[in-house]
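What follows is one structure encoded as structure tokens, with my remarks underneath.
What follows draws every value from the coordinates through simple rules; no lab data is involved. No experiment lies behind these values; they were computed from the predicted model shown. Every residue, glycine as well, gets a Cβ built from its backbone with ideal geometry; the counts of neighbours run over all protein chains shown.
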Amino acid sequence: MPNLILGRRRRAPQPVPSPFPSRSWKLVARAAVLAASILIFCGGAWAQGRPYFVAYNHHMEEPGALEISVNPVFASQAGGNDFLATWVELEYGAKAWWTTEFYLDSQTTRNESTLFTGVRWENRFRLLWREHWINPVFYIEYVDINDADKIMKDVVGHDSEADHATPNDIARRERKREIEMKLILSSTVKGWNISENIVAEKNLTNEPWEFGYAFGASRPLALAARPERCVLCPENFVAGVELYGGLGDRYSFGLKDTSHYLAPILAWNLPNGTTLRVSPTFGLNDNSHRFLLRFGISREFGGFGRRVANLFRGKKP
Amino acid sequence: MRNLLSVCCLLLLCAALGSAARDENDTKSRRSSMAGAPTTAAARANPYEGNPDAAKAGRKLFLRHCAECHGEDLRGVGKAPALDSDQVTQAPGGELFWFLTNGNLRSGMPAWSGLPEQKRWQIVTYLKLARKMPAQ
């Protein structure tokens with residue numbers, strides 16, 4: 001990304017007549033409220049979805065189920081404008097061993113603009129039929145975004161806070177097509193989920209392979225369910241922590257000039273099938289954003305595939 | 001370059017392990033899904049055996065996680081089998097627990113290992129007592 005501005009005079013941020021919140025900000029806020037309302041009030045089902053934002057575990061989407069989630073991340077930006085980046089995630093259980101996901105990324109940067117920044121298509125495959133001490137999952141994702149993408153769904157290579165200081169109108173001009181692979185190793189021990197992800201990402205232009213990692217650990221606050229329906233009981237909450245960062249690239253593997261984050265997580269599974277997640281995230285070195293605040297709201301629609309298939313067969317969905 | 005090779009080797013190794021494990025398990029899963037449970041797993045005792053509160057909690061969990069495919073009345077929807085059959089109610093609790101934990105990924109039954117062990121036992125308790133519970 002820094003290559004983009006090499007040899008050009010970097011423009012200073014332009015003064016904007018209406019300060020934050022701007023019209024574009026309001027538009028994003030309205031869209032988020034609308035999406036949240038749809039997710040909260042539509043009928044849904046419960047999933048055993050992951051509580052993490054970045055790390056993955058070995059639990060797949062149930063076959064035929066569609067999960068829709070909206071995940072905004074607010075970031076403080078040194079040497080630039082703070083921003084709110086959002087990804088909308090459509091996760092579908094194609095098979096019990098194969099989950100496919102489609103992402104739409106966007107962002108709003110304070111005093112700049114609101115942008116649609118690209119799409120991602122992700123597939124995860126369970127490699128073993130049965131549960132084991134360690135359960136491997138193979139992940140492959142195609143990414144087609146521009147350089148203004150700021151959702152930080154992964155941190156790889158030498159990603160740093162400075163990458164996000166480039167003004168939107170410059171960053172959006174550079175398009176990135178990438179393939180990302182992960183080896184997800186996940187275990188369940190006495191109610192705890194422990195997940196380790198090894199990440200390898202390749203920009204399809206002539207860029208080196210970049211590497212990263214993510215660890216996650218989480219546990220429900222209560223392991224057994226109560227007989228009665230409840231909203232605020234501990235069984236509905238999952239607490240955890242995730243740690244993720246870059247590991248350099250093919251030519252300079254290691255921790256030098258990389259960024260790292262530590263993030264506690266709290267997920268709340270509402271009885272109506274909606275899951276709310278929040279994660280205050282702290283940068284661990286000078287290359288990292290000092291603070292990120294991630295939110296997530298998701299809703300699963302069980303039997304979605306069957307209902308759609310019935311529609312095409314002329315049956316009652 | 002060495003790093004790249006290491007990553008590729010690791011991924012290939014896992015893919016190979018995965019396919020080997022699939023082949024090994026194919027024969028078992030063709031026989032009967034629940035019959036694939038190892039004897040030690042099938043012999044595990046249900047800590048909530050006969051506990052009505054656990055069965056109620058299990059019903060709540062069943063409605064949240066399982067009813068979409070197996071029906072609120074346990075009679076099955078589409079390809080998902082009925083769970084009020086003798087095969088289920090008379091199966092050892094440990095065998096049901098094992099099946100719930102591992103699923104049968106080939107036939108579309110997901111693994112429910114994401115639920116804590118206690119919750120899986122509560123669902124097993126409900127499945128065993130469902131016929132005796134008053135309709136709600």
Based only on other Cβ atoms within 10 Å, what is the fewest-to-most ordering of A:His59, A:His158? A:His158, A:His59
Ordered by residue, what ³J(HN,Hα) values in Hz, to whole numbers, does the range A:281-289 give under the Karplus form 6.51 cos²θ - 1.76 cosθ + 1.60, where θ = phi - 60° and Gly and Pro are x? 10, 10, x, 9, 8, 5, 7, 8, 4
Across the residues of A:124-136, average count of Cβ atoms on other protein chains within 10 Å? 6
Evaluate the relative contact order of the range A:47-312 (contact order divided by residue number), counting alpha-carbon pairs under 8 angstrom at least 6 apart; express in whole percent. 20
With the 8 Å Cα cutoff and a minimum separation of six or more residues, the range B:55-121 has a relative contact order in percent of 20
Counting Lys and Arg as +1 and Asp and Glu as -1 over every other residue whose Cβ sits under 13 Å from the Cβ of A:Pro51, the net charge comes to +3
Averaging sequence separations of C-alpha pairs under 8 Å and six or more residues apart, then dividing by the length of the range A:62-181, give the relative contact order as a whole percent. 22
Could you let me know the centre-to-centre spacing of the range A:175-228 and the range A:292-308, using Cα atoms, in angstrom? 19
Got a sec? How would A:Met181, A:Met60, B:Met109 order by Cβ neighbour count within 10 Å, fewest to most? A:Met181, B:Met109, A:Met60
Per residue and in cubic angstrom, what volume does the convex hull of the Cα atoms of the range A:47-312 have? 145
What is the fewest-to-most order of B:Thr39, B:Thr125 by other Cβ atoms lying within 10 Å of their Cβ? B:Thr39, B:Thr125
Cα gyration tensor of the range B:34-136, axes a ≥ b ≥ c as square roots of the eigenvalues: rounded (a/c below 1.5), prolate (a/b > b/c) or oblate? rounded
